[in-house]
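Below is one structure; the comments refer to it alone.
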Amino acid sequence: MQLNELKGIDYIEMVRQRKVTVEEVMIDVFHQIDRVDEKLKAYLRINRKGALEDAKRIDQKIKNNSKIPPLAGLPVAIKDIICTTGIETNCASRILQGFVPPYDATVIRKIKKAGAIIIGKTNMDEFGMGSSNENSAFQVTLNPWDMTRVPGGSSGGSAVSVAADEALMALGTDTGGSIRLPASFCGIVGMKPTYGRVSRYGVVAYASSLDQVGTLTKSVKDAALMMNVIGGHDDMDSTSADVPVPDFLDSCREGIKDLKFAIPREYFKEGLNVEVKDSVMKAINTISELGGKVEEVSLPNIEYALPAYYLIAMAEASSNLAKYDGVQYGLRSGDSNNLEDMYRNTRTNGFGSEVIRRIMLGTYALSSGYYDAYYLKAQKVRTLIKRDFDEVFKKFDIILCPTSPVPAFKVGEKIDDPLTMYLTDVYTMPVNMAGLPGLSINCGFTAKETLPIGFQIIGRPFEEEKILRVAYNYELQSGKNCSRKPTI
Amino acid sequence: MAERIIDKKEVEYVAGLAKLELNEEQKSLFLKQLNDILTYFKKLNELDTELVEPTSHILHSANAFHEDVIKPSLPQEAVMNLTQHKKNGYFKVPKIL
């Protein structure tokens, strides 16, 4: 076994016991990147020199018997929407090309303090807008299980870096499924915490009332380990919740007999791929065998969540992206006669077509005369969606459902039909609409093409502990997650 | 079948509001796609929301305040270094009028 294949939690144990050095692991990680990333294109840029220097520095500390920091030199890949001091952060957009942040996002500050090492910035759909990674301005990341297929989006580069052992762990962001969807397409664990659990300071905003930072990992314990570091209140983010952070590794213990599970029948209707359905039903049976009480429920308004979600996300995006005007940083288109021209040229040349589409729709929905019909209506529907979940969570601890209606689709299959692409998020975005925590974990593979299938575990706000406990028990019982590797 | 919710003039108007300049090809593509998507969004009208309060923010309803004390911030140089269009500590832009 190569050291880059290690799970985060096992890596830390081996470093603590001085069985490996941070540098040895780092060398194997970069060796894997050199071997496969030309094909997979998970990374937009690599921090090789900095990472190897950091590895040596931490090894020296360990040699000198200083206290080993909790993440012990862990090699982590970072989605290119999270600001990293001195390392370009451009959100896979031309408009931010060349932007080198002079500050770290709070999550970066926290993981660095805990001893993690940034190995590179990963590809994504531009500004997080997409479900396939095809909306990157620079490259299309491919699925390691089948290189004719997409890895899912928008945190596709982060998911592939973990699934292909080009990183031990990764951070991503999730606005409507952008962590859970690629995690399911790539066969790994993707955790989207409760809105407000993790600071958004230094994370480039797409839709501020929906965005949340989370983890992409090879095991449930790895997600818990990283959540312990990144969770918690931050003065720099006014939407950050002042709620105590438990030790999430404690949640990874056996037993789920005390929990009640809800299966929303609306998630199993038309549009759900048969193999996905069978796999998810098997996973639900496993939960039942483990002693969980499982019952069918209804989320009556859920079919209205998707249009409401896109309206809200687009409206917030049009407002958040108004700041890209070419004045202070990033791209500025030359040869403009006046300031207005410069704005228009910069924005038109700088944004890709999906971003322009969402800005247009968001601007329209917020414009005079249409605000009530679209934006306000969507916010009211959001209330109904939240009520549906509140109702279920009065009686149940956890909701179980598929992560995506289909396994990974072909590159090019949906890119010309935006509306069909949007439907990929149908099972993930209600979680963001209600601000809930959700996790996707592998529950099998399609028979013919061997494509990973994921299922979703959703909990009450700030009850990530229960989600992690359920996922951990499922992982133990099924023995499935990440034991099978793609051949690259 | 998609309804005709917005026309070409409105596409141009919205692009103007968003400070975007679309070419003819983009205009006709967006005209079709935006109408498809807006038709789909109309599905929300099936719901009666007359008496429903809107949700703008899911978990917090109060503003977050902190003490009004001066804390260190980024040096001006670190921020001005992000652009080459500058002079004497100011951002340089083309003429405004």
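List of remarks:
- The lysines whose alpha-carbon is closer than 22 Å to the alpha-carbon of A:K282, local same-chain residues fewer than 8 away aside, are A:K218, A:K257, A:K260, A:K269, A:K293, A:K448, A:K466, A:K480, A:K485.
- The protein assembly as shown, Cα convex hull volume normalised per residue, Å³: 163
- Relative contact order (%) - criterion: Cα under 8 Å, at least six apart; region: chain B: 21
- GluC sites (Glu not before Pro) within the stretch A:80-158, DSSP loop, no more than 16 other Cβ atoms inside 10 Å: A:E88
- All-pairs Cα distance distribution in chain B, expressed in whole percent, bin size 5 Å: 2, 8, 10, 9, 8, 11, 12, 13, 11, 10, 4, 1
- Using every pair of separate Cα atoms, the Kirkwood estimate puts the hydrodynamic radius of the stretch A:147-227 at 12.4 angstrom.
- Per-residue extension of 0.36 nm, minus the Cα-Cα distance of A:E24 and A:E5, leaves a gain of 5.6 nm for this segment.
- Take each residue of peptide B:77-85, count the partner chain Cβ atoms within 10 Å of its Cβ, and average: the result is 4.
- Longest site-free stretch - chain B; sites: GluC sites (Glu not before Pro), DSSP loop, at most 14 other Cβ within 10 Å: B:4-49
- Segments A:165-177, A:388-400, A:345-357 sorted - mean Cβ within 10 Å per residue, highest first: A:165-177, A:345-357, A:388-400
- Relative protection proxy for A:423-432, B:86-95, from highest mean packing down: A:423-432, B:86-95 (other beta-carbon atoms within 10 angstrom).
- Length-normalised contact order for the stretch A:204-359 - Cα pairs under 8 Å, 6+ apart - percent: 22
- For the stretch A:1-90, the number of Lys pairs with C-alpha atoms closer than 17 Å, counting only pairs eight or more positions apart or on separate chains, is 7.
- Under 16 Å of direct C-alpha separation, and excluding same-chain neighbours fewer than eight residues apart, B:K19 reaches these lysines: A:K323, B:K9, B:K27.
- Under the Debye formula (equal points on every Cα, no solvent term), log10 I(q)/I(0) of the stretch A:1-86 at q = 0.16, 0.19, 0.21, 0.26 Å⁻¹: -0.66, -0.91, -1.07, -1.40
- The modelled label-to-label distance between B:V79 and A:D235, using points 7 Å beyond Cα along the C-beta direction, is 1.9 nm.
- Annotation note: GluC sites (Glu not before Pro) in the stretch A:230-332 located in DSSP loop regions with a Cβ neighbour count of at most 14 within 10 Å are A:E254, A:E270.
- Filtered GluC sites (Glu not before Pro), the stretch A:441-488: DSSP coil and at most 14 other beta carbons within 10 Å: A:E449
- Chain A - percent relative contact order, Cα under 8 Å, separation 6 or more: 18
- Cα centroid of the stretch A:112-171 to Cα centroid of the stretch A:267-324, whole Å: 22
- Label-point separation in nm, A:Q60 to B:H57, each point 7 Å along Cα→Cβ: 4.5
- With eigenvalues of the C-alpha gyration tensor scaled by 5 and rooted, the stretch A:427-467, Å: 26, 11, 4
- Where only DSSP H runs of four or more residues are counted, chain A gives -11500 deg cm²/dmol as its mean residue ellipticity at 222 nm, each run worth -39500 (n - 2.57).
- Peptide B:29-38 is shielded by partner chain Cβ atoms: per residue, an average of 4 of them sit within 10 Å of its Cβ.
Values in this text are rule-based calculations from the coordinates and carry no lab data. The shown structure was predicted, so the numbers you read here are calculated from the model rather than taken from an experiment. All Cβ positions, even for glycine, are placed from backbone atoms using ideal geometry, and neighbour counts span all protein chains on display.
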